[in-house]
Amino acid sequence: MHRFYFHLHECGVSLIDEEGRELPSFEAAFKEAVIAARAIMGNEVASGYLCLDCHIEIVDSYGTTLAAVPFAEALTIQP
């Protein structure tokens, strides 16, 4: 298991994940970040707005940024 941290960058505010989560792989961490982004967007939509410029940064236990999951890429928008 590996520890991954999910830092939220939302509308100019950064929330640093100080606890992280133990997950078996980067792929599992990426899936968790997508799920979290979708949940946050769902709450935003329920409140009447949606910011697609936000993202979740996946960081390993060494402090290395492994990926960023932009909210805009965590869903498909159809007309």
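Summary of values
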{"item": "The chain: chymotrypsin sites (Phe, Trp or Tyr not before Pro) in DSSP coil with no more than 15 other Cβ atoms inside 10 Å", "result": "Tyr49, Tyr62"}
{"item": "Heavy-atom surface of the chain, accessible at 1.4 Å and reported per residue (Å²)", "result": "65"}
{"item": "Percent breakdown of C-alpha pair distances by 5 Å bin, ordered from the shortest bin, for the chain", "result": "3, 16, 26, 25, 15, 9, 4, 1, 0"}
{"item": "With every protein chain in place, the chain: carbon and sulfur % of accessible area (1.4 Å)", "result": "54"}
{"item": "Trypsin sites (Lys or Arg not before Pro) within the range 11-79: DSSP coil, no more than 14 neighbouring Cβ in 10 Å", "result": "none"}
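The values are calculated or read from the model by the stated rules, or taken from the named source; none is laboratory data. Remember, it's a predicted structure, so these values are computed and weren't measured experimentally. Glycine also receives a Cβ, built like all others from the backbone with ideal geometry; neighbour counts cover every protein chain displayed. Heads up: the accessible areas ignore ligands, DNA and RNA and are worked out on the full protein's heavy atoms, side chains in. Shrake-Rupley method; radii C 1.70, N 1.55, O 1.52, S 1.80 Å.
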